[in-house]
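Structure record follows, encoded as structure tokens.
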Amino acid sequence: MATSGCFDLLHVGHLKYLTEARSLGDFLWVGLNGDASVRELKGPGRPIVPESDRAELLAAWRVVDAVTIFPGVRATAFLRAVQPDVYAKGGDHTVALLNAEEAEALRECNALIEIVPLVPSKSTTNLVKQIAT
């Protein structure tokens, strides 16, 4: 079982998402976007928390069994290395809109793709906006 993402400025939405993802298997491996890829995906002010701190915090949560930082914007190399039987993505994604390279890597290992609902109004972007006001 695997998932991936930025997980910047950890909050209860992340915890609930990862708890739900963990319930889909007996081991949860989190692929964590490195700092450069978070900047590319989220913009110049991100990440707020450096990759090594984000990885350490994620690894401390009981629902997470392993964390790997990957440098690229896409989790393709991580997925090919881990070869999960199940891959969880947040509810802001759909199977049909999954990145083609990531989808191919998941097909290669016959992974089931599960979409886990997001927790409404719980996001790093919302937290950043709150802090800024």
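The values are calculated or read from the model by the stated rules, or taken from the named source; none is laboratory data. A quick note: this is a predicted structure, and the numbers were derived from the prediction, not measured. Cβ placement follows ideal geometry from the backbone for every residue including glycine, while neighbour counts extend to all protein chains displayed. Please note that ligands, DNA and RNA were not included when accessible areas were found on the heavy atoms of the full protein model with its side chains. Shrake-Rupley method; radii C 1.70, N 1.55, O 1.52, S 1.80 Å.
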Looking at (1) over 12 Å from ALA2 (Cα atoms); (2) part of a helix (DSSP H, G or I); (3) of a type in the set (D, E, K, R), which is the one condition that is false for ASP92? (2)
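Yes/no per residue for (1) closer than 15 Å to LEU28 by Cα; (2) free of Cβ contacts under 8 Å to residues at least 40 places away in the same chain; (3) open to solvent by 40 Å² or more (accessible area, probe 1.4 Å); (4) among the hydroxyl-bearing types (Ser, Thr, Tyr):
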{"residue": "VAL82", "(1), (2), (3), (4)": "yes, no, no, no"}
{"residue": "ALA88", "(1), (2), (3), (4)": "yes, no, no, no"}
{"residue": "LEU98", "(1), (2), (3), (4)": "no, yes, no, no"}
{"residue": "CYS109", "(1), (2), (3), (4)": "no, yes, no, no"}
{"residue": "LEU112", "(1), (2), (3), (4)": "yes, yes, yes, no"}
{"residue": "THR124", "(1), (2), (3), (4)": "no, no, no, yes"}
{"residue": "GLN130", "(1), (2), (3), (4)": "no, yes, yes, no"}
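Pick out the one residue from THR3, THR68, THR19 that is modelled with pLDDT of 95 or more, polar (S, T, N, Q), part of a strand (DSSP E or B) and open to solvent by 40 Å² or more (accessible area, probe 1.4 Å).
Answer to the check: THR68.
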Within segment 9-65, the residues that are closer than 18 Å to THR125 by Cβ and among the acidic types (Asp, Glu) are ASP35, GLU40
Odd one out for THR3, checked against (1) under 15 Å from ALA111 (Cα atoms); (2) over 11 Å from the mean Cα position of the chain (by Cα): (2)
Every listed condition ((1) part of a helix (DSSP H, G or I); (2) of a type in the set (A, V, I, L, M, F, W, C); (3) out of contact with any Gly (no Cβ under 6 Å at 6 or more places or on another chain)) holds for LEU24 save (1)
All positions within segment 22-65 that are basic (Lys, Arg), modelled with pLDDT under 95 and open to solvent by less than 40 Å² (accessible area, probe 1.4 Å): ARG46
Let me spell it out: the conditions are (1) surrounded by 19 or more Cβ atoms within 10 Å (Cβ to Cβ); (2) modelled with pLDDT under 95, and ALA75 meets all of them except one. Which number is the exception? (2)
